[in-house]
1. Are there any pairs, at least 6 apart or on different chains, whose C-beta atoms fall under 6 Å, with the first in region B:247-276 and assigned to a helix (DSSP H, G or I) and at pLDDT below 50 and the second surrounded by 16 or more Cβ atoms within 10 Å (Cβ to Cβ) and among the charged types (D, E, K, R), and if so, which?
2. For region B:155-177: of the residues being part of a helix (DSSP H, G or I) and open to solvent by 20 Å² or more (accessible area, probe 1.4 Å), which is farthest from B:A114 (Cα to Cα)?
3. Can you pull out every residue in region A:217-229 that is of a type outside the set (S, T, Y) and either open to solvent by 10 Å² or more (accessible area, probe 1.4 Å) or not in a helix (DSSP H, G or I) (or both)?
4. Only residues that are assigned to a strand (DSSP E or B) and open to solvent by 40 Å² or more (accessible area, probe 1.4 Å): list them for region B:38-76, please.
5. Has region A:63-78 got any residue that is open to solvent by less than 50 Å² (accessible area, probe 1.4 Å) and of a type in the set (S, T, N, Q)?
6. For region B:56-106, which residues satisfy the criterion of being basic (K, R) and touching a strand residue (DSSP E or B) at 6+ places or on another chain (Cβ under 6 Å)?
7. Got a sec? Which of B:T145, B:T204 is polar (S, T, N, Q), modelled with pLDDT of 90 or more, in contact with a helix residue (DSSP H, G or I) (Cβ under 8 Å, 6 or more places away or on another chain) and open to solvent by less than 40 Å² (accessible area, probe 1.4 Å)?
8. Select from region A:270-296 the residues that are in contact (Cβ under 8 Å) with a residue 24 or more places away in the chain and among the charged types (D, E, K, R) and write down the one among them that is farthest from the other protein chains (Cβ to nearest Cβ).
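The values are calculated or read from the model by the stated rules, or taken from the named source; none is laboratory data. Since we're looking at a predicted model, the values are computed, not measured. Ideal geometry is used to build each Cβ from the backbone, glycine not excepted, and the neighbour counts take in all protein chains shown. Heavy atoms of the whole protein, side chains included, go into the accessibility calculation; ligands, DNA and RNA do not. Shrake-Rupley method; radii C 1.70, N 1.55, O 1.52, S 1.80 Å.
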Amino acid sequence: MSESYYTGRRATPRPEILRKPLQASEIGAPVQEKLPLALRLADQSWARRLLVIACVSLLWEINARVINNTLLFPTFIETTIALFRAIADGVLLERVATSFRILAMGYGAGMLAAAILTGLAAGSRIGADILSTLTAMFNPLPAIALLPLALLWFGLGTGSIVFVVVHSVLWAVALNTHVGFRSVPDAQRMAGQNYGLRGLRYVCLILVPAALPSILSGLKIGWAFAWRTLIAAELVFGVSSGAGGLGWFIFERRNALETADVFAGLMTVILIGLFVESVIFRAVENRTVIRWGMQR
Amino acid sequence: MDTSPQPPAKAPQNATALLNVRDVTLRYKTPEQIVTATWRVSFDVREGDRFVLLGPSGCGKSTLLKAVGGFIEPAEGKIMLRGQPVLRPGPDRMMVFQEFDQLLPWKTVLANVAFPLIAAGRAKRAEAYERARVYVEKVGLARATDAYPHTLSGGMKQRVAIARAMAMKPDILLMDEPYAALDALTRRRMQEELLGLWDDIGFTTLFVTHSIEEAIIVGSRILVLSPHPGQVMAELDASTFDHRHLGGADFQSLHRRIHTMLFADSAVADAEVTHE
């Protein structure tokens, strides 16, 4: 380009300006200042979330008092009392323990199956096709819809519930893990191959940590699906071999018209969900993907 | 220095060469077509060379480097490292990529440098970390050993990648435009540091760039490639130049020579391609 961009204009020369910047210590204003308590609290996500929960509880309490019908809609305070009573006499904890035992089996088996499927999918093109086709077929199928079939196959018992829980976990975890594997940056893949890593070692040492944000989000979704399916299955299916779960507790108390206990059962479901999501998963994320800067 | 265009290195030099690339044609598949990236490219890299592959985008220089890395199989020709054919990626040819995300984000700086040593079975854990520390210090990151990659600047990340590759003491260090994504000031400093490390450690590198200036400064030997598909136009000697010669007459004349080679007859064609 020979012509000046500003055709027809010429820059007029102006005098140069040279200044010496101050040292940090010479600047009068404080460089660091502590934030007031309210602002520091507002920066904590747990504090903000606690505020949300408090508001919801308050709205509940007000609404229940307006309705003023314990049989239909017990207040927050009545529910809390019922919850503590159920915990105190040991019934609730026993029910929760039963639910958790089945959940652990189903969740564990689902993760194992997902790991095998995605491992195969990472290794070969046909494996990837098998996984995406199966996921597309079975992911939209509500787990609870399989319960009648499961009862036919496995009979009344733990086996049937574990089967539907596995179904609810497997596809969510497999899908997310597979998506995670596929979005691992090329440079990281090639770096891993460059070290001479192949096969299972390559998957475990490179792909899994690199895809961890997706894998964790799959595990979270899988957890929610599993928990949901489990409670629903217990509601439909009731008790087996003398020990019912949390869903059975809710069903049983509804039959007895103990509405505050029904609410206490639902509250337990919610509290466990909150705990797993915001304590357990949060802790794992803080120590991994957030620390590594892969997720905010 | 000879000014007339010369055919590239000849066969008798094979014996002393570390890396032989013989008549290598590279093709890659896109969903619609098969693209020929390079056509019968030959060159020899000797021990201690800073061998630069230089050419405009589309000359297949990065593809060529990946083929030497073992990531791509040549459609034709042979790539031999110390007399052994290159078949797959391996830790004897460590790569430094252009991308900043080549470091493993779940490992600290020190762990990133130590990991390939352990993964490739070159060293036990303690020994690997010890050697990693030496190389992290060599690239001037002693204060950042325990930092995670996401907290580093682009230049620091590339320094870690270079330390990681050098700690493996590979036969040849493959560098794929390692400074292309850096700002000009950082790039200049990194080039100087690389030359300093070469004086210090004495490695062999195959370095890809599209900057003539970088090629002359970093390289001791420059392979000039033509675009679409890449063919060897010249193999030049630049072992006498570094940053101190930047404005000098010799530097300028070599720069101009390469520039003419690359752009003289393709200027029109290039313009057409970029406007498509």
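1. Here the result reads none, with nothing in region B:247-276 linked to a residue that is surrounded by 16 or more Cβ atoms within 10 Å (Cβ to Cβ) and among the charged types (D, E, K, R).
2. That would be B:M156.
3. From region A:217-229, those of a type outside the set (S, T, Y) are A:218-228; that's our starting set.
Selection gives A:L219, A:K220, A:I221, A:W223, A:A224, A:F225, A:W227, A:R228.
4. B:W39, B:R40, B:R46, B:E76
5. Yes, that holds for at least one residue.
6. Of all residues in region B:56-106, those basic (K, R) come to B:61, B:66, B:78, B:82, B:88, B:93.
The answer is B:K61, B:K78, B:R93.
7. Every option except B:T145 fails the conditions.
8. A:E277
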